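A.B. asks: Got a structure for you, questions after.
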Amino acid sequence: MQPGDGVRPLVKAIENAKKSVQIVIFRFDRLEIEKALDDAVKRGVSVDALIAFTNRGGEKNLRKLETRFLERGIKVARTADDLVRYHGKMMIVDGKELALLGFNYTRLDTERSRSFGVITREKDLVEQALALFDADCKRRPYKPASARFLVSPLNARAELAKLIRSAKKELLIYDVRITDPEMIHLLEDRAGDGVEVRVIGKMAEHSSQVSLRKLAKLRLHTRIIIRDRKEVFLGSQSLRELELDARREIGIIFDDAQAIEAVIKVFEDDWKGATVAAGDDAEDIERPAAAKVAKKVAKSVTKILPPVAPVVEEVMREVLRSDNGAAIDHEDLEETVKIAVKQAVKQAVRDVVEDAVEQQREPEA
């Protein structure tokens, strides 16, 4: 639990490693972990690090980390850039123990933010983590094989929807920002059927049947869903389209009674100290500003866009040459180009806007 436990459980796990440590990194500034990994290499442990190709701070710090790791004998792989972002956080020790984290290896996340991590030796979860690590290191496809190991953009949406639908009495949720229409509809549907739905965090327009509060004093970073006090989802994905469908996010669903009881206690304490209905006011305040930014951006973009026709003509010539002059239907081409351009622009805008907003909200970790 963060803040509180800090990185000591992770350092201890590395210190106890006999054969191997595999670690996935998005952000990193905890020197205790870096030293523990260095010491592990010195005693003959094989250490592999999978480092995100970029984060909001850019590549500079990540590349420095890579260099330090390589100098210490740590094997380094870099994630592919086919997804908007590689945001998962996990560590596997000796192929037997998985630490699945909602927080980064940073002081911001472990000292000033509410977050959680879980350490498990459950064989199916560890095996899936190993398979994902291997696939992403080698940039090969990963095929989910467990309903309890959630990987975006592959099976997380379906499994989280299933978890929400299965609630009979209660859903307790920590989420930085719930904006996905399908997930909001599911939450409202469960609330309409009498399920108590309480959310600590932010949520787009929703019915009054969903209770919403803002975490006080601490920065909210965790993503948690507690279903009927019997199952818990813990991971890096929020209930929003970007993190369900366009980024690598990792989470698990567990049912350990003792762990669930501990998480519920923290949630109830946070709920008591939280600010009531802050999310609705925040949404109302943000709308005018968002509209103003969008209008200015659109106006500026249209001014600097090059003429479309020459670009289309040049690409067509190139494609036709490579395809030996195959005929292309003009209507099909027009529709296909529209869709492709729309998707490309949407993806670019989504990532840039998210980074700009988050940069204003918090210091770089």
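A.B. asks: Mind checking which residues of region 210-253 are of a type outside the set (Gly, Ala, Ser), under 21 Å from Thr110 (Cβ atoms), in a loop (DSSP other than H, G, I, E, B) and touching an Asp or Glu at 6+ places or on another chain (Cβ under 7 Å)?
C.D. replies: Leu215, His221, Gln237
A.B. asks: So, of the residues in region 238-267 that are closer than 21 Å to Lys143 by Cα and in contact with a Leu (Cβ under 6 Å, 6 or more places away or on another chain), which turns out to be most open to solvent (accessible area, probe 1.4 Å)?
C.D. replies: Selected residue: Arg248.
A.B. asks: Among Lys42, Lys75, which is the only one that is out of contact with any strand residue (DSSP E or B) (no Cβ under 6 Å at 6 or more places or on another chain), more than 23 Å from Glu243 (Cα to Cα), surrounded by fewer than 22 Cβ atoms within 10 Å (Cβ to Cβ) and basic (Lys, Arg)?
C.D. replies: Lys42
A.B. asks: Something else about it: State all residues of region 78-92 that are closer than 23 Å to Val45 by Cα and open to solvent by less than 30 Å² (accessible area, probe 1.4 Å); if no residue qualifies, say none.
C.D. replies: The answer is Thr79, Lys89, Met90, Met91, Ile92.
A.B. asks: Given the conditions (1) buried (at least 18 other Cβ atoms within 10 Å of the Cβ); (2) out of contact with any Phe, Trp or Tyr (no Cβ under 9 Å at 6 or more places or on another chain), and given that Arg68 satisfies all but one, which numbered condition is not satisfied?
C.D. replies: (1) is the only condition that Arg68 fails.
A.B. asks: Let me ask something else. Could you list, in sequence order, all residues of region 167-190 that are of a type in the set (Asp, Glu) and either in contact (Cβ under 8 Å) with a residue 40 or more places away in the chain or buried (at least 22 other Cβ atoms within 10 Å of the Cβ) (or both)?
C.D. replies: Within region 167-190, Glu170, Asp175, Asp180 qualify.
A.B. asks: Would you point out the residue of region 210-224, among those that are open to solvent by 30 Å² or more (accessible area, probe 1.4 Å) and of a type outside the set (Ser, Thr, Tyr), that is nearest to the chain's Cα centre (by Cα)?
C.D. replies: Leu220
A.B. asks: Given the structure, is Asp39 in contact with a Lys or Arg (Cβ under 6 Å, 6 or more places away or on another chain) and not hydroxyl-bearing (Ser, Thr, Tyr)?
C.D. replies: Considered against the rule, which asks whether it is in contact with a Lys or Arg (Cβ under 6 Å, 6 or more places away or on another chain) and not hydroxyl-bearing (Ser, Thr, Tyr), Asp39 comes out as no.
A.B. asks: Of all the residues that make up region 2-39, how many are open to solvent by 50 Å² or more (accessible area, probe 1.4 Å), farther than 21 Å from Ala129 by Cα and either in contact with a helix residue (DSSP H, G or I) (Cβ under 6 Å, 6 or more places away or on another chain) or in a loop (DSSP other than H, G, I, E, B) (or both)?
C.D. replies: 4
A.B. asks: Among the listed residues Thr110, Thr106, Thr120, identify the single one that is among the β-branched types (Val, Ile, Thr), out of contact with any Cys (no Cβ under 9 Å at 6 or more places or on another chain) and more than 23 Å from Val176 (Cβ to Cβ).
C.D. replies: Thr120
A.B. asks: If only one of Arg140, Arg157 is open to solvent by 20 Å² or more (accessible area, probe 1.4 Å) and touching a residue at least 12 places away in the same chain (Cβ under 8 Å), which one is it?
C.D. replies: Answer to the check: Arg157.
A.B. asks: Within region 195-209, how many residues turn out to be under 27 Å from Ile250 (Cβ atoms), in a strand (DSSP E or B) and either at pLDDT 95 or above or open to solvent by 40 Å² or more (accessible area, probe 1.4 Å) (or both)?
C.D. replies: Summing the residues that are under 27 Å from Ile250 (Cβ atoms), in a strand (DSSP E or B) and either at pLDDT 95 or above or open to solvent by 40 Å² or more (accessible area, probe 1.4 Å) (or both) in region 195-209 gives 6.
The values are calculated or read from the model by the stated rules, or taken from the named source; none is laboratory data. Quick caveat, the model's predicted, so the values are computed rather than measured. So basically every Cβ, Gly included, is an ideal-geometry build from the backbone, and we count neighbours across all protein chains shown. All accessible areas refer to the heavy atoms of the entire protein, side chains included, with ligands and DNA or RNA removed. Shrake-Rupley method; radii C 1.70, N 1.55, O 1.52, S 1.80 Å.
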